[in-house]
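The structure appears below as structure tokens.
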Amino acid sequence: MSAKIRRIKIAALAVLIVCLAIVLLAPSPVVPATTCKAENGSIVLSTRDFSAIPQSVVEDAGRVAAELFGDDEQKCDDFISQILATYLEARDKDIVIIFNAGGWGWDGVADSSGWITIAEGIKAELSELGRSCLVLNHKRTSATINGCISEFMMASNFSSSKPEDLAARADFLTRHIDGISVIFTAESNGTTICSSAFKILEENTQIYSILTGPPFWNDTSKSERALIIRSNGTFPDTFSNGDIITIIRSNLEAMFGISQQYAGDILFYIGAPGHDYNWEYEEIRLHITDFLIKNFISNN
């Protein structure tokens, strides 16, 4: 019997090794990100007309694209057209807000019932401070199997290209538009890419971040330019604080028809009490308003 068990263990280990090799040796399934204006939903920002852009900016876009995508002409062309279109949209603005959705990363801010209110609140507060804003969706995956795999690889630290892509876009704007600031914003799983991109650009004082409900395993920055919110003020976020027992209990209760006192969910269907962020929560408003005043009123 022991010999049989040992053979089973060896076979299971062999299968595991083969699967790992397939993941590591297969061509990268990473799907390039796309940038969209928040009010335009899924329409990708792009341009092929560079006549209104300084030649030095166009050349730098090509250099950045080559650093990210090497000899892949299609990816380089797409990146260049997007980043230069973003430059044209942002060059008369004071602040660019880049949103990363939770879940698989293919939604925009308008698809988040909570963050659409927070984005509007941030825009209103910055307007009070005399700042003009451009709100962008950074769609880091497409709604495909490859998109899901690439997102899983990022969350598992198998791939770092997504944060580098996001960081490159933000850094490009701050280098070519005088005085502009970029705020990374995200919810839930979307905070992972923003945290990594922020760390890449931590020395760039024009980069900020406002993140709500990051996963409990996410190593977020402690910079004064980064606001991390793990509670809406009514109940601690069980997902962000790693309260697995409460998450399991709440889902079991929901299965038996027991209504939950506190709202919140992850991946749309899994209940996570407290994982709920909205501008209507007083603590959310106070934290974000204080952060914006602290970082932007001095330059008013």
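The values are calculated or read from the model by the stated rules, or taken from the named source; none is laboratory data. It should be emphasised that the depicted structure is a prediction, and the values quoted were computed from it without experimental measurement. Ideal geometry is used to build each Cβ from the backbone, glycine not excepted, and the neighbour counts take in all protein chains shown.
A few points about this structure:
- Identity of the residue in segment 93-115, farther than 13 Å from CYS36 by Cα and at pLDDT 95 or above, that ends up surrounded by the most Cβ atoms within 10 Å (Cβ to Cβ): ILE95
- Candidates ALA226, ALA170 - the one that is at pLDDT 90 or above, of a type outside the set (S, T, N, Q) and crowded, with 23+ Cβ neighbours inside 10 Å: ALA170
- Contacts under 6 angstrom Cβ, first residue in segment 107-122 being closer than 14 Å to SER42 by Cα, partner aromatic (Phe, Trp, Tyr), 6 or more apart: VAL109/PHE99; VAL109/TRP115
- Failed criterion for TYR269 (all others in (1) in the same structural domain as GLY103 (by TED's automatic domain parsing); (2) surrounded by fewer than 20 Cβ atoms within 10 Å (Cβ to Cβ); (3) closer than 18 Å to GLY103 by Cα hold): (1)
- Each residue in segment 270-300 was checked for being in contact (Cβ under 8 Å) with a residue 24 or more places away in the chain, farther than 24 Å from THR205 by Cβ and not in a helix (DSSP H, G or I), and 11 pass.
- Checking LEU211 against (1) aliphatic (A, V, I, L, M); (2) at pLDDT 80 or above; (3) surrounded by fewer than 23 Cβ atoms within 10 Å (Cβ to Cβ), the condition it does not meet: (3)
- Cβ pairs under 6 Å, 6+ apart, first in segment 205-226 and at positive phi, second acidic (Asp, Glu): GLY213/GLU187; GLY213/ASP237
- In segment 130-165, the residues that are at pLDDT 75 or above and surrounded by fewer than 18 Cβ atoms within 10 Å (Cβ to Cβ): GLY130, SER132, SER161, GLU164
- Within segment 52-92, the set of residues being among the polar types (S, T, N, Q) and surrounded by 19 or more Cβ atoms within 10 Å (Cβ to Cβ) comprises SER81, GLN82, THR86.
- Search result, residues across segment 195-229 that are of a type in the set (S, T, N, Q) and assigned to a loop (DSSP other than H, G, I, E, B): ASN204, THR205, GLN206, ASN218, THR220, SER221, SER223
- Flag for SER46 being modelled with pLDDT under 95, crowded, with 17+ Cβ neighbours inside 10 Å, of a type in the set (Ser, Thr, Tyr) and under 30 Å from ALA263 (Cα atoms): no
Condition check ((1) of a type in the set (Asp, Glu); (2) assigned by TED's automatic domain parsing to the domain that holds ILE95) across all residues:
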| site | (1), (2) |
| --- | --- |
| PHE198 | no, yes |
| ILE207 | no, yes |
| ILE210 | no, yes |
| GLY213 | no, yes |
| SER221 | no, yes |
| THR238 | no, no |
| ASP243 | yes, no |
| ILE247 | no, no |
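- Residues that are in contact with a helix residue (DSSP H, G or I) (Cβ under 6 Å, 6 or more places away or on another chain) and either at pLDDT below 80 or not in a loop (DSSP other than H, G, I, E, B) (or both) within segment 230-269 comprise just one, GLN260.
- Segment 173-206, residues that are surrounded by fewer than 18 Cβ atoms within 10 Å (Cβ to Cβ) and small (Gly, Ala, Ser): GLY179
- Complete set of residues in segment 58-92 that are touching a strand residue (DSSP E or B) at 6+ places or on another chain (Cβ under 7 Å) and among the charged types (D, E, K, R): GLU89
- Hits in segment 224-271 (condition: touching a Gly at 6+ places or on another chain (Cβ under 9 Å) and closer than 20 Å to ILE210 by Cβ): ILE229, ARG230, SER231, ASN232, THR234, PRO236, ASP237, PHE239, SER240, ASN241, GLY264, ILE266
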